[in-house]
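Working notes, beginning with the structure itself.
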Protein chains: 2
Amino acid sequence: MTASQVAYKSLITIAQQTRSAALSLAVLSTKQRNQAIDTIALALESARDEIIKANIADCEAAVADGIAKPLYKRLQLDEHKLRDAITGVRDVGKLADPIGHVQIHRELDTGLILKRVTCPLGVLGIIFEARPEAAIQIVSLAIKSGNGVILKCGKEAVRSCEAIVKAIKQGLAQTAVNPDAVQLLTTREETLELLKLDKYVDLIIPRGSNSFVRFVQENTRIPVLGHADGVCHLYIDKAADIDKAITIAVDAKTHYPAACNAIETMLVHAEMAPTFLPKVAKALENMNVELRGDERTREILPNITAPTDWQTEYSDLILAIKIVDSLEEAIEHINNYGSKHTDAIITEDPNAASTFLALVNAAGVYHNCSTRFADGFRYGFGAEVGISTQQMPPRGPVGLEGLVTYKYQMTGNGHIAANYTGASAKPFTHRDLNKTLGNG
Amino acid sequence: MTASQVAYKSLITIAQQTRSAALSLAVLSTKQRNQAIDTIALALESARDEIIKANIADCEAAVADGIAKPLYKRLQLDEHKLRDAITGVRDVGKLADPIGHVQIHRELDTGLILKRVTCPLGVLGIIFEARPEAAIQIVSLAIKSGNGVILKCGKEAVRSCEAIVKAIKQGLAQTAVNPDAVQLLTTREETLELLKLDKYVDLIIPRGSNSFVRFVQENTRIPVLGHADGVCHLYIDKAADIDKAITIAVDAKTHYPAACNAIETMLVHAEMAPTFLPKVAKALENMNVELRGDERTREILPNITAPTDWQTEYSDLILAIKIVDSLEEAIEHINNYGSKHTDAIITEDPNAASTFLALVNAAGVYHNCSTRFADGFRYGFGAEVGISTQQMPPRGPVGLEGLVTYKYQMTGNGHIAANYTGASAKPFTHRDLNKTLGNG
């Protein structure tokens, strides 16, 4: 066997252990899982000095390696950040239990009862880059939702994550949760092998740069919860309120330009452009935003350059501007160049708003508010597992709901299908036994 | 350009037309979509002679090509089958509208309102083999759910499907639905190209043999709704009622052996085997079922052979039998060799039943009833789009629900995120405005 084959084999063993531990975890009560989460919080508090020491070692090694400053800031886990992360663990404990929900409860015939019940997915594979406290958050979400979790951290954060996972496992050893439910991988080779384990891992959540997420999406058959791009748009309709438009443009671009829900492109209706563009340009340039515009925009704002394309996520204080002649053109532009993340219209015309909300194909479609609200906590989910830009659910900001699936449980008393087919077929009653979402 | 590149290019044009037509379809009212469905039914009735004539031509050509008998039966579309298919179209019209459901309706702050609303996926790609009436059913489901649809039929059914789609498009031309929303592809090359169109097609539904479905799953990045295998199990617990066990075993194996929800393997608790196996063998052999058993089974039933493996879907009157020493061993066998479709336990012990239902990882887990109930119509969904054996929702039999997604619509009045962060952050109200499933 090659070294890679050996690594793959041992990774399969780890995955099997995780799966087996997850199976026991899946049937624990809400109380048992919440107790485990509280115990994790205590264990992390007890290991505080060790974790911070490990993080200092990581940071020193990273500096010696010439780490980039933003990455260094993400790697750093001081007492304050650690305390916040532990508070976050306790908050997860307080969330409503996502498993065991009866979504459908239906009598098919006397004594033949169908239930659709939410249950854990099984094993989560979480691949993250520098931020060590991500391990803390994701483990608490996994235990809460009854899932095993295989963590793979970036090489910069190995010492920190090892200290964190050691504390978590020590905590779990005192609870009903088998510590094998939480595993940590640390080498790059293991990332590639993990992506192949579609028999053992049910969901991959990548946390890192766009190119990293795209790499994961393109190299696994396991479902991936995440998004590579956040190319969000703000469309200023001809019936826009200019003050709202300016305030929202500034917020959506400058409040946190590196966030995926910041805007990259502003589309402006031609009738609005001559009055609106000079004002918004001033407001944005006051916030150090570099503007880039198409030819018609540059006729109004002659000092700006042209964008190279309409699909770049700048993740920086740069905004591309295009003038459009109609709402329809704006919608078409967004559906062509957007990333289905979050797009907003500014208008006082309710018909324009409802057309935009109906026809823009994105996880989030907003009217007269900033795209920056696209966030699981802001939506009131209590946690955010990721933001998905895929077409199928789960879509948009995903809470704990994204970590569960469902199964159909049916109980009969000797019922067979033959009695319900043919000339003398018994009819089904299909009587809902409690309120559900229904199906179809 | 090579011929394949030319074909791909023209397929992209077709896909773009479908997408554009689907966008208009997505915003039609329930009434408009239902009217379109009724008009399709009328158009199919008017074209009845033409469709049946085309089908006769298909059948004659297939016979000349030496088509296998079961495939011939599937290809054949007589007046009776066509009438049933048209009745099916009208039934789809009567189903509840799956789009426009408000799943979440929440005030985030005064005047900032979030809604999660179901909406069409966009464009469906349906690849089916011989059965021409599949085209009729799937088009009505697509229109009902507001989706465009690109159909690809097997080469045997080309004339029939062309006649069907021609009638459907003639019908749609009299309605609010653009006939471009329904497209038919007929060549094998187009199947391969269709699977590459992840920018234009949102969901692939393959209908055909297991190997065909597996081929589709392995050759596309578009989500696939379907299942390659249906390796279903029946476990006869030590506390089983023998009469129920025999009745259910016979139904689950013989009622329709080619169905994916028929059982392939029966696991029998060792304590039950000596009394149960001779009786069930007699009942099954009376129905011409060929039994195959592991060594211990063959000690009790010496005249049967050994199965070659535990993961074959026989789709025939063949049943593999294995003796297990415990409920746990049965669960482990199912989780190892099953296809996560539907598995059942026969027992009078409620604890054994609940352990089985909790720990078997399958879309359907049944107690004291036949696996043959795993079906969208039997579940009361009114339609079945497919049965999924994946881990993530939608899972199991999928109704119209599987053809829709959701988007988050937010409406504000100039709301910006900056006001909800930092030292003087406004709190969110997170007040649910009507009953919803909640999230997370």
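The values are calculated or read from the model by the stated rules, or taken from the named source; none is laboratory data. Remember, it's a predicted structure, so these values are computed and weren't measured experimentally. We place every Cβ from the backbone using ideal geometry, glycine too, and count neighbours over all the protein chains shown. Side chains are part of the model used for accessible areas, which takes the heavy atoms of the whole protein and leaves out ligands, DNA and RNA. Shrake-Rupley method; radii C 1.70, N 1.55, O 1.52, S 1.80 Å.
The condition (being under 18 Å from residue B:118 (Cβ atoms) and more than 7 Å from chain A (Cβ to nearest Cβ)) is satisfied by just one residue among B:386, B:422, B:402, B:382: B:402. Scanning the stretch B:354-381 for residues that are in contact with a Ser or Thr (Cβ under 7 Å, 6 or more places away or on another chain) and part of a loop (DSSP other than H, G, I, E, B) yields a count of 3. Per this entry, residue A:30 is not counted among residues that are touching a residue at least 24 places away in the same chain (Cβ under 8 Å), more than 29 Å from residue A:404 (Cβ to Cβ) and out of contact with any helix residue (DSSP H, G or I) (no Cβ under 8 Å at 6 or more places or on another chain). In this structure, residue A:238 does satisfy being in contact with a His (Cβ under 7 Å, 6 or more places away or on another chain) and open to solvent by 50 Å² or more (accessible area, probe 1.4 Å). There is at least one residue in the stretch B:273-287 that is modelled with pLDDT of 95 or more, open to solvent by 80 Å² or more (accessible area, probe 1.4 Å), within 14 Å of chain A (Cβ to nearest Cβ) and in contact with a helix residue (DSSP H, G or I) (Cβ under 8 Å, 6 or more places away or on another chain).
Taking first residues from the stretch B:227-244 that are over 20 Å from residue B:328 (Cα atoms) and among the basic types (Lys, Arg) and partners that are part of a strand (DSSP E or B) and open to solvent by 40 Å² or more (accessible area, probe 1.4 Å), the Cβ contacts under 9 Å between residues at least 6 apart in sequence or on separate chains come to B:244/A:413. Restricting attention to the stretch A:135-143, does a residue exist that is under 22 Å from the mean Cα position of the chain (by Cα) and within 11 Å of chain B (Cβ to nearest Cβ)? Checked against the condition, which is being under 22 Å from the mean Cα position of the chain (by Cα) and within 11 Å of chain B (Cβ to nearest Cβ), the stretch A:135-143 yields at least one hit. Being touching a helix residue (DSSP H, G or I) at 6+ places or on another chain (Cβ under 8 Å) and within 14 Å of chain B (Cβ to nearest Cβ) holds for only one residue in A:112, A:185, A:194, A:172, and it is A:112.
For the stretch B:118-132, a residue qualifies if it is modelled with pLDDT under 95 and touching a Ser or Thr at 6+ places or on another chain (Cβ under 9 Å), and the qualifying residues are B:127, B:129, B:132. Looking only at residues in the stretch B:350-361 that are within 7 Å of another protein chain (Cβ to nearest Cβ) and under 14 Å from residue A:115 (Cα atoms), the one that is least open to solvent (accessible area, probe 1.4 Å) is B:357. Beta carbons closer than 6 Å, at least 6 apart along the sequence or on distinct chains, pair a first residue in the stretch A:85-99 that is in a helix (DSSP H, G or I) and of a type in the set (D, E, K, R) with a second that is modelled with pLDDT of 95 or more and open to solvent by less than 60 Å² (accessible area, probe 1.4 Å) for A:90/A:41. Here residue B:143 qualifies as part of a helix (DSSP H, G or I), crowded, with 21+ Cβ neighbours inside 10 Å, β-branched (Val, Ile, Thr) and in contact (Cβ under 8 Å) with a residue 12 or more places away in the chain. Please go through the stretch B:332-353 and give me each residue that is within 19 Å of residue B:258 (Cβ to Cβ) and part of a loop (DSSP other than H, G, I, E, B), ordered by number. Hits for the stretch B:332-353 are B:338, B:339, B:341.
Can you confirm whether the stretch B:109-128 contains a residue that is more than 23 Å from residue B:202 (Cβ to Cβ) and buried (at least 21 other Cβ atoms within 10 Å of the Cβ)? Yes: the stretch B:109-128 contains one or more residues that are more than 23 Å from residue B:202 (Cβ to Cβ) and buried (at least 21 other Cβ atoms within 10 Å of the Cβ).
Could you check the stretch B:394-425 and list, in sequence order, the residues that are open to solvent by 20 Å² or more (accessible area, probe 1.4 Å) and farther than 30 Å from residue A:355 by Cβ? Within the stretch B:394-425, B:421, B:422, B:423, B:424, B:425 meet the criteria.
Within the stretch B:241-266, being of a type in the set (A, V, I, L, M) and surrounded by fewer than 24 Cβ atoms within 10 Å (Cβ to Cβ) holds for B:242, B:246, B:250, B:258, B:259.
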